[in-house]
Every structure is written in structure tokens, then in C-alpha cells.
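**Q** Provided herewith is a single structure, encoded as C-alpha cells, for subsequent inquiry.
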Amino acid sequence: MAALALPAGATPAWQGGSDRIAIVRAFAEQEAAREQPAYRAQIEVGTLNPYLRLAPCNQVEPFLYPGARLWGRGFVGLRCMEAGRAWSVSVPVVVHYFGPALIATQPIPVLTPITAAQVQRTEVDLTRDPGGVATRLSQVLDHTLQLPVAAGQAIPLSALQVVPAVRQGDAVTIVGRGTGFSITTDGIALGAAGPGDPVQVKTESGRIVTGTAERGRVVELRF
């Protein structure tokens, strides 16, 4: 990464707040455009400790720490690249990304299956929820919420849970499929499972088998 050289006579970036902010902001904008080109970024640059004293430097390089990414609150590092004046500081930043996501068109209580009529797509701050927010209808259909969501609020991914295809104690239809044949019998679900998840069922004969839960209280067995 190339260092950013300050023009002759410029106030050093760690003393003049505007220079430091300009360097960090330019770097953050460049990184945001590279990492998240589909979203609109808004950058907030914080301040350093006013009592911090650093050697003058006319060759300052911004950088990201290993494993760090600009998403929400974070830091951009600044280091002096001049020989004999090595120092490094962290500048706090907040990077907001705005993009289309699903918001509730009405209050959605807990444990209520979400329908398409309850959500709509609009631009939101995608960084407000650390766990991310739903951006596609397929992420919320056949799901309920573990926490209530107010009208106008984005749907947090961390609050979603799949509506069980079968629940413990449900009377289910067991469909066994093999090459060129299928059989159907009744059974009782011994646990809860979402669509596509494994679940144990007890057949009419008392045998316990494991199949795949499907909508409509169906459990499929593959032979």
C-alpha cells in the first residue's frame, strides 16, 4: 500500500485534525468502494487523544489491522513511514453502508409466521444490526421472530427462526421412496424440525426411523 505524502509545509496529520481526517476519510472511502461496491457508504471519522504527542512526519500511511474490515465501528491505523520516526496510532471510524433490505410494514409479534404482505424493500443502514438484516423475501418466509419488530424496522437475521414443518407429537405422513417405488404410512413425530431437517418418527408398528421433515406434516424416507 502506497504511503500518502503530505505537501511541503502542510500541518502534520496527527496535529492538524483536518489533515488527519482527510487522510483517514479518503482511505476509508476507497476501501468501502472496494469491499462493498453495491452499497452507498457514509464515513464518520473520530478523534485521537488530544494529549497524544508524536514526532512530526510528512509521510503518513493509512492501513487496516489484520483481519479487520470496515463495517460499522472500527479503526483505521496511521503510521509514519519516515526513517527514525516510526510510530503508529489508531483512528476510530464508523462506516455505514446503505442498501436495500426488508422492513416491517406493520408491527410483527413474536412467533407469528411472516408473510410477504408484512414486509417491503427499502434502503436502510445495513450496519445497524451486528448480525445483519434480511435482504431477500426467501430469508423471512416460513419464519417467525424471537423478538418483536416494530413497523419500519429492518428484520434482524438473528431474530429469525424457521417455522417447524413438524412438531413433537404431530401425526405425520411417512413417505418412503426408492428406485421405482414409494410407500406411505402414518406415524408420530418424536421431535420438532424445520423443512429439510432430520427428524425421528415412530411408525404404526412401533419402529423408530429418521427421515426428512417436509411441509404439510410429511416425513420423507429415502431407500
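**Q** Answer yes if at least one residue in the range 34-43 is of a type outside the set (S, T, Y) and at pLDDT below 90, and no otherwise.
**A** no
**Q** Mind listing whichever residues of the range 144-162 are of a type outside the set (S, T, N, Q), part of a strand (DSSP E or B) and touching a Gly at 6+ places or on another chain (Cβ under 9 Å)? Lay out the reasoning, then the answer.
**A** Quick first cut of the range 144-162, residues of a type outside the set (S, T, N, Q) only: 145, 147-152, 154-157, 159-160, 162.
Next, only the ones that are part of a strand (DSSP E or B) stay: 145, 149, 154, 156, 160, 162.
Matches in the range 144-162: P156, V162.
**Q** Would you check if there is a residue in the range 127-134 being in contact with a helix residue (DSSP H, G or I) (Cβ under 8 Å, 6 or more places away or on another chain), in a loop (DSSP other than H, G, I, E, B) and on the phi > 0 side of the Ramachandran plot?
**A** Within the range 127-134, one or more residues are in contact with a helix residue (DSSP H, G or I) (Cβ under 8 Å, 6 or more places away or on another chain), in a loop (DSSP other than H, G, I, E, B) and on the phi > 0 side of the Ramachandran plot.
**Q** Another question, if that's okay. Look at R73 and say whether it is surrounded by fewer than 16 Cβ atoms within 10 Å (Cβ to Cβ), part of a strand (DSSP E or B) and without any contact (Cβ under 8 Å) to a residue 24 or more places away in the chain. Write out each step before concluding.
**A** Details: surrounded by fewer than 16 Cβ atoms within 10 Å (Cβ to Cβ): yes; part of a strand (DSSP E or B): yes; without any contact (Cβ under 8 Å) to a residue 24 or more places away in the chain: yes.
Taking the combined requirement at face value, the residue satisfies it.
**Q** Look at G206 and say whether it is outside the structural domain of T144 (by TED's automatic domain parsing), over 31 Å from the mean Cα position of the chain (by Cα), at pLDDT 90 or above and exposed (fewer than 11 other Cβ atoms within 10 Å of the Cβ).
**A** Values: outside the structural domain of T144 (by TED's automatic domain parsing): yes; over 31 Å from the mean Cα position of the chain (by Cα): yes; at pLDDT 90 or above: yes; exposed (fewer than 11 other Cβ atoms within 10 Å of the Cβ): yes.
So G206 passes the test.
**Q** Ok, one more. Looking only at residues that are in contact with a Lys or Arg (Cβ under 7 Å, 6 or more places away or on another chain) and farther than 16 Å from P92 by Cα in the range 16-59, which one is surrounded by the most Cβ atoms within 10 Å (Cβ to Cβ)?
**A** Among those residues, the one meeting the criterion is C57.
**Q** Here's something else I'd like to know. Can you tell me how many residues within the range 190-205 are among the hydrophobic types (A, V, I, L, M, F, W, C) and assigned to a strand (DSSP E or B)?
**A** Step one: filter the range 190-205 for residues among the hydrophobic types (A, V, I, L, M, F, W, C), giving 190, 192-193, 199, 201.
With the extra rule that they be assigned to a strand (DSSP E or B), the set shrinks to 193, 199, 201.
The total comes to 3.
**Q** If you take the residues of the range 147-172 that are surrounded by fewer than 16 Cβ atoms within 10 Å (Cβ to Cβ) and among the polar types (S, T, N, Q), which of them is modelled with the lowest pLDDT?
**A** Checking each candidate, the answer is Q161.
**Q** For the range 163-189, how many residues meet the condition of being assigned to a loop (DSSP other than H, G, I, E, B) and over 33 Å from the mean Cα position of the chain (by Cα)?
**A** Going residue by residue through the range 163-189, those that are assigned to a loop (DSSP other than H, G, I, E, B) are 163-165, 167-170, 179-180.
Within this subset, residues satisfying the condition of being over 33 Å from the mean Cα position of the chain (by Cα) are 169-170, 179-180.
Residues flagged as assigned to a loop (DSSP other than H, G, I, E, B) and over 33 Å from the mean Cα position of the chain (by Cα) within the range 163-189 amount to 4.
**Q** Please enumerate the residues belonging to the range 45-82 that are more than 25 Å from D125 (Cα to Cα) and aliphatic (A, V, I, L, M).
**A** Correct list: L48, L52, L54, A55, V60, L78, M81.
**Q** Filter the range 98-133 for residues that are buried (at least 17 other Cβ atoms within 10 Å of the Cβ) and farther than 22 Å from A32 by Cβ and give the result.
**A** If the condition is that a residue be buried (at least 17 other Cβ atoms within 10 Å of the Cβ) and farther than 22 Å from A32 by Cβ, then L102, I103, A104, I108, I114, Q118, V119 are the ones that fit.
The values are calculated or read from the model by the stated rules, or taken from the named source; none is laboratory data. All values derive from a computational prediction rather than experimental measurement. Reconstructed Cβ throughout: ideal geometry from the backbone, glycine too, with neighbour counts over all protein chains shown.
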